[in-house]
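Here the structure comes first, spelled out in structure tokens, and everything after it is commentary.
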Amino acid sequence: MDTVEEVEIPIPSSSSSSSSSMAKRPCPSQNPKMEVENLLDEFLSLSDRPSLSLDLSLENLLQSMPPDSDLIDRALRMGSLLLDAAKHSSRKRSSNHNSIVWPFPPDLTFKIFSMLDTQSLCYVSAACSFFSKCAKDPLCYQHIDLTTLVPKVNNAVVATMIQRAGKALRSLKLGVVPATVCSPGFCQPLVSPVRKAMVEAPNFSWNDKRSRQGRESSILTRCCLNPLSAEGGAPGALLRKLHLYNIERMDNASLCCALSACPSLLDLEIVGIHVELRQTLMSVSANCHLIERLFFESSRTGRDDSLKMQTCSELVNNCPHLTSLSLRGFKLHDCKVRILVKGFRKLKYVDFSTSYSITGNFLRNLGNSNGGNLLEVLILRDCMHLKEMEVARMLAAILEGDFKLLIHLDISNREGLACEADWYHRCYNSSIMPIKQVLEARPDMRVVAEYPSEGSYVETFDTDMNSDISLLSQLSSPLSDGSIFMSTSEGSYNSDHGSGNEEGQDAVIYGESSDEDNILSL
């Protein structure tokens, strides 16, 4: 121990009582840090003495102190500081050890971590300081998947992940996805209210549900996509895939603002969000010219009638690379659908399941025209106003050689197809649709035609659903993880019993329309 010298310092005389006194102060140590380390070393060396009793020593020291001494509080603070320091040193030493024994170089470690899903990456980053540093590299956040069964993610989490990704961000998935199992030939709803998803999620108790009521910490709001526009739009500039599920508080303005920051978007999937079809397609048309897959399922089945023919034409002209189009649960008139299907020159996959107002007139003379003749998958499942006669005409066209590339056709309907004269009269077992003849002439083609009989599906013309489901997955989501959703919203047949084609019912849907061709050539 260094000795402390006492130095007398003369103080000028004064009229105060302290003027004649001489003050003394200790001389500062030449190396205070070394002194503390020496003291700590001596203190820790006491732990090697088996006969040492710290509690007895502390008690003896306490008895020699005044009754109001804060010795115990100081001992507790010192013990806490020493414990924190020991834990920090232990983590640091473990991190150094891991960095030495870890067999891969940093660049390969970043690549390995980038292959993990978002949740696993978070677990890895919490393992040790070395992994935490590696897991913060932007390459590890190229593909962010924050979808959950119940609301667990808030805006702050999304902002943190996008900030870590920066310019490396390539795909982003957000929202609540219902825990449904899709079986071939049947539909499962993707649109699910957050409250329903919370109740139906496994291992989710009512106490947890009540504790979440009124809390905003686990709710995504309209601002959750704002980080895509940060730093001049750098995070969203190279984004290729954006999937949004059941974000109840998202609105038109926020979604359109996010799409404006994603000019490189190739794959857009929107499910259960309260945004307007027309506004969304206008934003896609204005900003996402490279898009190849568009999947949009309405949150209000059969109520969104906002789509206009001009919007369809603009989308066709501005997004020429579209190969997969799914618009489900909207009011889609045949004249608008025809513009879309005929206009996109590379279109291979079409899904209008649960869409209102479609009668099937748009299929006339479609299979031998540019656009329609490239279709490989056509799904018209549970389209309320789909007519038996229009389906029969299409099947006859297939027998004549149209739709040469079509390999999957789904014309199932839970209430049967509509009759030609009166759509209220439903057909359950059609004798005019040459389904068997089509299957004989086109053995490579699969036709799914399930109709109710005494409350159940009874008739399925399906060559091999399980063997070709992977092909459908690739066509439905060529840029995603290979999953396919064949769904419909419950109650879609009980909310609207109006006629199907209020706009342009028989104007441009029969044969080739010169006005329609003029619109497509703009």
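The values are calculated or read from the model by the stated rules, or taken from the named source; none is laboratory data. All values derive from a computational prediction rather than experimental measurement. Note: ideal-geometry Cβ built from the backbone for every residue, glycine included; neighbour counts use all protein chains shown. In case anyone asks, the SASA skips ligands and DNA or RNA and just uses the protein heavy atoms, side chains included. Shrake-Rupley method; radii C 1.70, N 1.55, O 1.52, S 1.80 Å.
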Legend entry - Residue among SER218, SER229 that is in a helix (DSSP H, G or I), hydroxyl-bearing (Ser, Thr, Tyr) and touching a residue at least 24 places away in the same chain (Cβ under 8 Å): SER229
Inset, instruction - Have a look at GLU276, GLU292, GLU314 and point out the one that is open to solvent by 30 Å² or more (accessible area, probe 1.4 Å) and closer than 26 Å to ASN155 by Cα. - result: GLU276
Inset, instruction - For LEU44, work out the one condition from (1) modelled with pLDDT of 70 or more; (2) open to solvent by less than 80 Å² (accessible area, probe 1.4 Å) it doesn't fulfil. - result: (2)
Legend entry - Every residue from region 105-137 that is at pLDDT 75 or above, more than 17 Å from ALA168 (Cα to Cα) and either among the polar types (S, T, N, Q) or part of a loop (DSSP other than H, G, I, E, B) (or both): PRO105, GLN119, SER120, SER125, ALA126, SER132
Legend entry - Top-ranked residue of region 412-438 - restricted to ones that are surrounded by 22 or more Cβ atoms within 10 Å (Cβ to Cβ) and part of a strand (DSSP E or B), ranked as modelled with the lowest pLDDT: ALA418
Inset, instruction - Determine whether region 291-305 contains at least one residue that is aromatic (Phe, Trp, Tyr), under 16 Å from ILE273 (Cβ atoms), in a loop (DSSP other than H, G, I, E, B) and within 24 Å of the chain's Cα centre (by Cα). - result: no
Legend entry - Residue among LEU395, LEU409 that alone is in a strand (DSSP E or B) and either on the phi < 0 side of the Ramachandran plot or at pLDDT 90 or above (or both): LEU409
Inset, instruction - Say whether the condition of being over 25 Å from ASP304 (Cβ atoms) and surrounded by fewer than 23 Cβ atoms within 10 Å (Cβ to Cβ) is met by at least one residue in region 251-263. - result: yes
